[in-house]
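Student: Below you'll find the structure I mean.
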Ligand SMILES: Cc1ncc(COP(=O)(O)O)c(C=O)c1O
């Protein structure tokens, strides 16, 4: 019997080691990994620069607490704020914790309670972030949720307008709904949300836990649309696998997160922060991101050329290296077939194959991936 609570329906592949774009299973097989640990290992597995930075910090100190000034937190905050075009950072340990901080700050700063989020959104598993999440299946058995969260259809500006008032503390959204089915927001919708927030004095909060840190070809996905959010949350790719989350906010919010108003023992842990600095130094770089965009274009054109015409494929969508292939049936059995063929991908919602390759993936690896996916989908069409 396992002594782990069975909260995860685990796959059959048990990793032995991992390097770059590949996982090596205990079964002796090599797998091309397009999950990146669910959007975390954006530089591939065990990037050397991050390993070196963490090794160096391991020899200095591992943990001292946030009672001390920690210089590398200042360095990391400066890099993160600069990349997001914002001012102030609070470090947490995960995406949910970052969103939790965003929700607390939004309520405190506005003195209002109501937070609007969107159907199919995913913001985390704590009580506040589960309450913010617009999916019933995440909440089953855990009620009652926190009060004053309201959900409206994604990409429906009129629906949002109907819920807006001077009682709204914040509107929170993902630029691409990741877990909920890989649904990108429309550009007009995003600008409309920002304008409605401004009009009603609500904060515009963008959850970049999955879309941030270069995943879409910009440091943060909101930057594709020229948006001006008040708070951005992020996590996942920020530490290349070391647990770290953060909110990045405007200077005007400073007074609401004063000493003693929020905190965490491990947030901003020196090992995680040293990993984040090394990660940001690579990703928040024009040349690196130009290369990500080039590879994203290459992947999209390969997918379109090889998959678009298959009857099983409904749509290929996404931004940068965050791509969804929506099919006309459950994705889970196809993902199992892909694993058997040496390729690991994720689902998003029920019917979407989600590709989150490392941003360091090569064109060769992208081509290999498309070939494997095309073969498995063609096989499915044949046997249908
Ligand atoms: C958009 C988004 N927000 C929040 C979270 C929660 O992050 P974590 O699992 O680190 O708590 C996730 C995780 O998938 C996410 O995709």
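Student: Please indicate, with yes or no, whether at least one residue in the stretch 185-193 is surrounded by 15 or more Cβ atoms within 10 Å (Cβ to Cβ), part of a strand (DSSP E or B) and within 16 Å of the ligand (Cβ to nearest atom).
Tutor: no
Student: Condition first: over 22 Å from residue 256 (Cβ atoms), touching a residue at least 12 places away in the same chain (Cβ under 8 Å) and crowded, with 24+ Cβ neighbours inside 10 Å. Can you find one or more residues in the stretch 154-164 that meet it?
Tutor: Scanning the stretch 154-164, I find no residue that is over 22 Å from residue 256 (Cβ atoms), touching a residue at least 12 places away in the same chain (Cβ under 8 Å) and crowded, with 24+ Cβ neighbours inside 10 Å, so the answer is no.
Student: Looking only at strands (runs of 3 or more DSSP E) that fall completely inside the stretch 56-162, which ones have 2 or more residues that are touching a helix residue (DSSP H, G or I) at 6+ places or on another chain (Cβ under 8 Å) and within 16 Å of the ligand (Cβ to nearest atom)?
Tutor: 88-92, 114-118
Student: Hand me the list of strands (runs of 3 or more DSSP E) wholly inside the stretch 200-249 holding 1 or more residues that are under 14 Å from residue 84 (Cβ atoms), free of Cβ contacts under 8 Å to residues at least 60 places away in the same chain and within 11 Å of the ligand (Cβ to nearest atom).
Tutor: The qualifying strands (runs of 3 or more DSSP E) are 203-207.
Student: Among (1) more than 23 Å from the chain's Cα centre (by Cα); (2) touching a residue at least 60 places away in the same chain (Cβ under 8 Å), which single condition is residue 304 missing?
Tutor: Of the numbered conditions (1) more than 23 Å from the chain's Cα centre (by Cα); (2) touching a residue at least 60 places away in the same chain (Cβ under 8 Å), the odd one out for residue 304 is (2).
Student: If you go through the stretch 18-39 one residue at a time, do you hit one that is more than 23 Å from the chain's Cα centre (by Cα), under 25 Å from residue 321 (Cβ atoms) and surrounded by 14 or more Cβ atoms within 10 Å (Cβ to Cβ)?
Tutor: Looking through the stretch 18-39, at least one residue is more than 23 Å from the chain's Cα centre (by Cα), under 25 Å from residue 321 (Cβ atoms) and surrounded by 14 or more Cβ atoms within 10 Å (Cβ to Cβ).
No value in this document is a laboratory result; all are computed from the given coordinates. All of these numbers come straight from a predicted model, not from anything done at the bench. Note: ideal-geometry Cβ built from the backbone for every residue, glycine included; neighbour counts use all protein chains shown.
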